[in-house]
Structure formats: C-alpha cells, structure tokens
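Values quoted throughout were computed directly from the atomic coordinates according to the rules given, and no laboratory measurement underlies them. Not measured: the values here are computed from a predicted model. Every residue, glycine as well, gets a Cβ built from its backbone with ideal geometry; the counts of neighbours run over all protein chains shown.
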C-alpha cells in the first residue's frame with residue numbers, strides 16, 4: 001500500500017446553522033475563499049426556474065410527483081417544504097464526493113441539520129450564535145431590507161433556534177468577526193482529523209511494523 005492510500009481519508013460533512021442576521025453567510029464565504037475545494041451538491045426542487053436558471057445548474061427542477069417518489073424511496077438526506085415548494089438534497093452525490101475525499105459544506109436550518117445527522121452521523125455540526133438579542137436587532141435593522149414585522153418574526157425564530165443549540169457539537173459566538181472565523185476554521189480542520197474519516201489508517205500504520213520486522217528489539 002502506498003503512502004497516499006495509507007493516509008487517504010473520507011470527506012467530511014460540515015454543517016453550519018445560525019439564526020438570520022448572525023453573520024453565517026459572511027463566515028461561510030470566508031471559509032470557502034480559504035478552502036475552495038468544498039464539494040457542492042445541486043439540490044432538487046419542485047418550484048419553477050426563475051430568470052436564467054437552468055436545470056442541473058442552480059437546481060434539479062422536478063415535478064412534485066417525482067420529488068415525492070424520490071422522498072418515499074429515501075433518496076434525500078434532507079428535505080423541506082418552503083412556501084409550498086419542496087427542496088431536497090440527494091444522498092448519493094454527497095456520498096460519492098465524500099468517498100473521493102471531498103468535504104461537503106451545508107448551509108442549512110436546524111430542521112435540515114437534524115435530518116443530516118441521521119444520514120451522516122460522523123459529520124461536524126456547528127451552530128453560530130449572536131452575542132445578544134440587542135446585537136441581532138441592530139444587525140437585522142441595519143440591513144434595511146426587513147420590515148418591523150419581519151424583524152420581529154426573525155427574532156422569534158432566532159430564539160427558537162437558539163433553544164435547540166444543544167443539538168450541535170460546536171458553538172461559535174459571532175461577536176468579533178476575525179476571532180469567530182478562526183474558531184470556525186479550527187472546528188473545520190479538527191473535524192478533518194476524526195478517526196471515522198480514516199477507517200483504515202491504524203491497520204495500515206500497524207502493518208508497517210510487520211513489514212519491517214516487528215518491534216525495536
């Protein structure tokens with residue numbers, strides 16, 4: 001067995017969740033810029049294409065009946081209904097990328113994260129937290145894109161999501177952006193070292209004792 005085979009690992013599923021306004025997109029974009037080789041799985045949806053969207057590029061656009069059939073066959077690792085349309089991630093393409101040693105990042109809600117844990121129990125699950133309600137209000141209103149009713153709804157949703165943070169392995173409080181990124185980066189890199197992602201490494205390394213004649217004497 002060559003060195004490359006000895007130390008080859010399975011890809012990591014990295015799941016990042018956060019209440020709206022926490023800064024998740026900013027942190028994920030920073031991670032993607034530093035590590036551009038993350039795998040990406042094109043989701044399935046029952047909604048119609050918009051603008052210049054193309055089937056197989058932005059989404060796989062399928063009928064509601066086709067989606068329900070795939071769901072009944074257990075082909076999705078996560079799915080949800082949003083505004084009357086179904087969205088889902090097929091399991092097989094993700095498994096293929098993981099088998100090739102490619103890490104796959106999911107930017108998803110808590111409901112989706114819980115579904116993913118059932119399919120990928122060895123994944124790394126991170127929850128991003130705002131430092132306080134007041135800071136989250138300031139960030140939401142500062143965007144200038146949400147009405148007062150929308151901000152109030154997002155705050156209520158945030159409280160409900162934060163109450164489920166115990167589901168996640170890691171918490172990152174996004175108070176200082178640079179420090180928060182360093183913590184998210186550290187979690188990602190540590191997840192790459194999980195024993196479950198190196199299923200053959202111990203046997204491979206111990207095998208070198210046999211090929212080199214046992215112990216030191």
Inset, instruction - Return one number: the angle in degrees, 0 to 90 and rounded to the nearest 10, between the long axis of the Cα atoms of helix 177-191 and the longest principal axis of the Cα atoms of the chain. - result: 40 degrees
Inset, instruction - Can you figure out the FRET efficiency of residue 57 with residue 145, using R₀ = 22 Å and their beta-carbon distance, to the nearest 0.05? - result: 0.25
Legend entry - Sequence-separation-based contact order of the chain, relative, with Cα cut under 8 Å and 6+ spacing, percent: 31 percent
Inset, instruction - Provide 75, 169 in ascending order of the number of other Cβ atoms located within 10 Å of each residue's Cβ, fewest first. - result: 169, 75
Inset, instruction - Using a/c under 1.5 as the rounded threshold, could you call region 40-101 rounded, prolate or oblate? The axes a ≥ b ≥ c are square roots of the C-alpha gyration tensor eigenvalues, and prolate needs a/b larger than b/c, oblate otherwise. - result: oblate
Legend entry - Rel. contact order, % - alpha carbon contacts under 8 angstrom, at least six apart, region 96-182: 37 percent
Legend entry - the chain: calculated mean residue ellipticity at 222 nm from DSSP helix runs of at least 4, using -39500 (n - 2.57): -13000 deg cm²/dmol
Legend entry - Cα→Cβ-extended label distance, 7 Å offset, between residue 48 and residue 164, nm: 3.1 nm
Inset, instruction - Set the Förster distance to 22 Å, then compute FRET efficiency between residue 185 and residue 122 from the Cβ-Cβ distance, nearest 0.05. - result: 0.65
Legend entry - Which of 146, 203 has the fewest Cβ neighbours within 10 Å, and the rest in rising order: 203, 146
Inset, instruction - Counting only C-alpha contacts under 8 Å and six or more residues apart, can you give the relative contact order of region 40-101 as a whole percent? - result: 37 percent
Legend entry - Inter-probe distance in nm under a simple model that places probes 7 Å from Cα toward Cβ, at residue 26 and residue 156: 2.7 nm
Legend entry - Full-stretch length increase - residue 92, residue 135 - with 0.36 nm per residue and alpha-carbon distance subtracted: 11.5 nm
Inset, instruction - Tally the DSSP beta bridges in region 40-101 and give the antiparallel ones as a percent, rounded to 5. - result: 75 percent
Legend entry - 0 to 90° range, to nearest 10: angle between helix 110-119 axis and the chain longest Cα axis: 30 degrees
Legend entry - Residues 162, 205 arranged by fewest to most Cβ contacts within 10 Å: 205, 162
Inset, instruction - Round to the nearest 10 and give me the degree value, 0 to 90, for the angle of helix 24-34's Cα axis relative to the longest principal axis of the chain. - result: 40 degrees
Legend entry - Estimated inter-spin distance, residue 64 and residue 175, nm [label 7 Å along Cα→Cβ]: 4.8 nm
Inset, instruction - Using only the alpha-carbon atoms of the chain, report the extent along each of the three principal axes, biggest first, to the nearest angstrom. - result: 75, 45, 30
